[in-house]
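Everything below concerns the one structure shown next.
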Ligand code: PEP
Ligand code: MN
């Protein structure tokens, strides 16, 4: 940690800071320039982080040298993490496409969509039973009934299933049915929920929050790993910006940024990232080309009648066309689809 003092900070102020650093059992180096003095603190950064050093008289700025996350970082685990989900490897050479409806609306629609996406090369099935809707008056999901449908259809088609949990009280329930537990964007900083899924032995798909930085996403992942669950898959799903031509702004460079910082696999969700079905293909192409380990795509057989996110849902046929277009792109970056 580096403490930059204000120009003209007094000797008394410098001594006050050094005394505090020593009290904490840490070492320090003081470098006195012509304009200002800098104090370097050596030792456990965590001990210093909780000190309000920025509030000390004479201090201008405190800069951290170490990162606020450890277990998710490449320094801790240099090789890419590969997560095995019933034999399907997320983070390996093969790009994993997870597809399905936004919400499980009934058994038949889920079955029809699952068969179609499987035929076109999806490796897993998605579908929400607990939906985080902006309005309390819109469809909230089928709850356990929906979980039963997705489990049945997943087993029937051989597709592992991904579904969201929104509440700590439902973790045990969702665990019974899901192969991957999704933590949605709105819950990325629900720290109690993160700690809860950190205790389970199931892969977690952690979506980036609407207003979260990459650093915050990684800190949220750290919550899960810190509880012992190292099977975390990250997902870029677009962030809020001033741009209103799309539902969210796809932060496509987040993929290589995360890959540099962390060993965890990264997916892109082009559906929520754009909010428009005709942008799902173009963003998916970019995602594959830039190094994403997979895609999370919303597909509906009757988008105009969908109970949620119909506007951004691809028809199965369009999904199939997109998969064909993605194949040579995957190949060009040394991956397969
Ligand atoms: C979803 O995947 O259905 C979803 C609600 O996504 P997000 O949490 O990214 O909005
Ligand atoms: Mn959705």
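The values are calculated or read from the model by the stated rules, or taken from the named source; none is laboratory data. These numbers were taken from a predicted model, which means no experiment stands behind them. Heads up, the Cβs are rebuilt from the backbone with ideal geometry, glycines too, and the neighbour counts pull from every protein chain shown.
Checking 253, 271 one by one, the residue that is touching a helix residue (DSSP H, G or I) at 6+ places or on another chain (Cβ under 8 Å), within 12 Å of ligand 1 (Cβ to nearest atom) and either more than 18 Å from residue 184 (Cβ to Cβ) or touching a residue at least 40 places away in the same chain (Cβ under 8 Å) (or both) is 271 and no other.
The rows are residues; the columns are (1) within 16 Å of ligand 2 (Cβ to nearest atom); (2) farther than 24 Å from residue 281 by Cα; (3) assigned by TED's automatic domain parsing to the domain that holds residue 307; (4) in a strand (DSSP E or B).
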residue: 112; (1), (2), (3), (4): no, no, yes, no
residue: 121; (1), (2), (3), (4): no, no, yes, no
residue: 133; (1), (2), (3), (4): yes, yes, yes, no
residue: 149; (1), (2), (3), (4): no, yes, yes, no
residue: 152; (1), (2), (3), (4): no, yes, yes, no
residue: 155; (1), (2), (3), (4): no, yes, yes, no
residue: 159; (1), (2), (3), (4): no, no, yes, no
residue: 163; (1), (2), (3), (4): yes, no, yes, yes
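Please count how many residues of the range 87-102 are surrounded by 14 or more Cβ atoms within 10 Å (Cβ to Cβ) and assigned to a loop (DSSP other than H, G, I, E, B). Quick ask: steps written out before the conclusion?
Pass one, the range 87-102, residues surrounded by 14 or more Cβ atoms within 10 Å (Cβ to Cβ): 88-92, 94-102.
Still in the running and assigned to a loop (DSSP other than H, G, I, E, B): 91-92, 95, 101-102.
Within the range 87-102, residues that are surrounded by 14 or more Cβ atoms within 10 Å (Cβ to Cβ) and assigned to a loop (DSSP other than H, G, I, E, B) number 5.
Given the criteria within 16 Å of ligand 1 (Cβ to nearest atom), in contact with a strand residue (DSSP E or B) (Cβ under 7 Å, 6 or more places away or on another chain) and not in a loop (DSSP other than H, G, I, E, B), does residue 62 qualify? So residue 62 does not fit the description; no. Taking residue 267 as the residue in question, decide whether it is closer than 23 Å to residue 179 by Cα and within 16 Å of ligand 2 (Cβ to nearest atom). Yes, satisfied.
For the range 232-250, taking the residues that are surrounded by 21 or more Cβ atoms within 10 Å (Cβ to Cβ) and in contact (Cβ under 8 Å) with a residue 60 or more places away in the chain, the one that is nearest to residue 279 (Cα to Cα) is identified as 235.
Among the residues making up the range 109-127, a single one is within 12 Å of ligand 1 (Cβ to nearest atom) and without any contact (Cβ under 8 Å) to a residue 40 or more places away in the chain: 127.
With the requirement that a residue be surrounded by fewer than 24 Cβ atoms within 10 Å (Cβ to Cβ), under 21 Å from residue 261 (Cβ atoms) and either over 17 Å from the mean Cα position of the chain (by Cα) or within 14 Å of ligand 1 (Cβ to nearest atom) (or both), what does the range 282-304 give you? Selection gives 286, 289.
Every condition in (1) away from ligand 1 (no atom under 14 Å from the Cβ); (2) in contact with a helix residue (DSSP H, G or I) (Cβ under 6 Å, 6 or more places away or on another chain); (3) farther than 29 Å from residue 222 by Cα is met by residue 104 except one, and the failing one is (1).
Within the range 73-108, being within 30 Å of residue 304 (Cβ to Cβ) and either touching a strand residue (DSSP E or B) at 6+ places or on another chain (Cβ under 6 Å) or free of Cβ contacts under 8 Å to residues at least 12 places away in the same chain (or both) holds for 95, 96, 97, 98, 99, 100, 102, 103, 108.
Checking each residue in the range 173-188 for being more than 16 Å from ligand 1 (Cβ to nearest atom) and closer than 22 Å to residue 222 by Cβ picks out only 175.
Taken together, the residues in the range 169-215 that are within 16 Å of ligand 2 (Cβ to nearest atom), part of a helix (DSSP H, G or I) and touching a strand residue (DSSP E or B) at 6+ places or on another chain (Cβ under 7 Å) amount to 1.
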